[in-house]
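Report on one structure; see the data block that follows.
Please treat every number below as a calculation from the coordinates, not as lab data. Source: prediction; values computed, not measured. All Cβ positions, glycine included, derive from the backbone under ideal geometry; neighbour counts span all protein chains shown.
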Amino acid sequence: MKADVFTLFPQWFDWFRTQRHVENAYALGHSVDAIDFRETTPLKWGQVDDEPFGGGAGMVLRVDTMEAALRARYDEDPVSVKERRRVIALTPSGRLLDDALATELAAEDEITLLCGRYEGFDERILDHFVSDQVSIGRYVLAGGELAAMVVLDTVLRKLPGVLGDDQSAIEESYSEALDGAPEYPHYTRPADWRGWAVPDVLLSGHHARVEEWRRAQSRARAERPLP
Ligand code: ADE
């Protein structure tokens, strides 16, 4: 997967790339490029935003500066870029990120993420340049960068070979393998700590019974109301 992230803070992604699973993804030929859209603005002084028409607080990212950045990167009208790769704007009101969406995005060869700042995007960016709007929760962040990292974190770990054991990303909370249910509880050594004992079945060495217990735990968690 080639992921392009359009941001005013490309250096934030230097840290993101140091995570083990992101390094693994790189070693397998995947990449995350952070593109500073201030560098391609046709306006003076690196301007990328402006006051909202009609008045009001905050600044809005301009459609012309976003177009310039997308054209510079793809050498193509951004209206058609979205026909061949998913161009995703991170917005608080977008489609909520969940395991199904992460799995869908992990199947793409190329994706583009647009990080908003200030009051957000001029609506024409969303109407004409973007194929998807994605939210990581119903609250407002100061910008889309952290949301983009959350999306990339969950997408990259689904790519084959990125985690030490591919099985980790297959059978985990909310995955199809667990019918969308939360994952079962995990335990490790010591088997007893202050009288808090690990369930006997996990020490039994009986594979089928362990499997059955885990499924039952996972189903029970799905039935419990969310905290
Ligand atoms: N940008 C600002 N808030 C956001 C959110 N909750 N999800 C995605 N992008 C955002």
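Which of the residues that make up the stretch 127-141 are within 12 Å of the ligand (Cβ to nearest atom) and under 19 Å from Glu110 (Cα atoms)? Full working, then the answer.
Taking the stretch 127-141 first, the residues within 12 Å of the ligand (Cβ to nearest atom) are 132-141.
Selection gives Asp132, Gln133, Val134.
Filter the stretch 102-125 for residues that are surrounded by fewer than 18 Cβ atoms within 10 Å (Cβ to Cβ) and either within 12 Å of the ligand (Cβ to nearest atom) or on the phi > 0 side of the Ramachandran plot (or both) and give the result. Give the derivation first.
Step one: filter the stretch 102-125 for residues surrounded by fewer than 18 Cβ atoms within 10 Å (Cβ to Cβ), giving 103-104, 107-110, 118-119, 123-124.
Once the filter is applied, which keeps residues that are surrounded by fewer than 18 Cβ atoms within 10 Å (Cβ to Cβ) and either within 12 Å of the ligand (Cβ to nearest atom) or on the phi > 0 side of the Ramachandran plot (or both), the stretch 102-125 yields Tyr118, Glu119.
Yes or no: the stretch 32-40 includes at least one residue that is closer than 30 Å to Leu159 by Cα and among the hydroxyl-bearing types (Ser, Thr, Tyr). Let's see the steps before the verdict.
Filtering the stretch 32-40 for residues closer than 30 Å to Leu159 by Cα gives 32-37.
Imposing the further condition that a residue be among the hydroxyl-bearing types (Ser, Thr, Tyr) reduces the set to none.
No.
Kindly indicate the residue of the stretch 68-101 that is basic (Lys, Arg) and out of contact with any helix residue (DSSP H, G or I) (no Cβ under 8 Å at 6 or more places or on another chain) and also farthest from the ligand (Cβ to nearest atom) among those meeting that condition.
Narrowing the stretch 68-101 to residues basic (Lys, Arg): 71, 73, 82, 84-86, 95.
When the remaining residues are screened for being out of contact with any helix residue (DSSP H, G or I) (no Cβ under 8 Å at 6 or more places or on another chain), the result is 73, 82, 84-85.
On the way: Arg73: 21, Lys82: 18, Arg84: 24, Arg85: 19 Å.
Across the stretch 68-101, the extreme among qualifying residues is Arg84.
Being more than 27 Å from Leu113 (Cβ to Cβ) and of a type in the set (Lys, Arg) narrows it down to one residue among Arg124, Arg138, Arg215, Arg157; which is it?
Details: Arg124 fails: more than 27 Å from Leu113 (Cβ to Cβ); Arg138 fails: more than 27 Å from Leu113 (Cβ to Cβ); Arg157 fails: more than 27 Å from Leu113 (Cβ to Cβ).
Testing whether each residue is more than 27 Å from Leu113 (Cβ to Cβ) and of a type in the set (Lys, Arg) leaves just Arg215.
Does at least one position in the stretch 183-190 carry a residue that is within 24 Å of Gln19 (Cα to Cα), under 16 Å from the mean Cα position of the chain (by Cα) and in contact (Cβ under 8 Å) with a residue 12 or more places away in the chain? Break it down stepwise before answering.
Within the stretch 183-190, the subset within 24 Å of Gln19 (Cα to Cα) is 183, 186.
Among the residues that remain, those that are also under 16 Å from the mean Cα position of the chain (by Cα) are: none.
Scanning the stretch 183-190, I find no residue that is within 24 Å of Gln19 (Cα to Cα), under 16 Å from the mean Cα position of the chain (by Cα) and in contact (Cβ under 8 Å) with a residue 12 or more places away in the chain, so the answer is no.
Pick out, from the stretch 116-227, the helices (runs of 4 or more DSSP H) lying fully within it that include 1 or more residues that are over 28 Å from His30 (Cβ atoms).
Details: elements: 123-128, 145-156, 167-170, 200-203, 207-223.
Counting at least 1 such residues, we get 123-128, 200-203, 207-223.
Do we have Glu172 as among the charged types (D, E, K, R), crowded, with 17+ Cβ neighbours inside 10 Å and closer than 26 Å to Thr103 by Cβ here?
On the way: among the charged types (D, E, K, R): yes; crowded, with 17+ Cβ neighbours inside 10 Å: no; closer than 26 Å to Thr103 by Cβ: yes.
In short, no.
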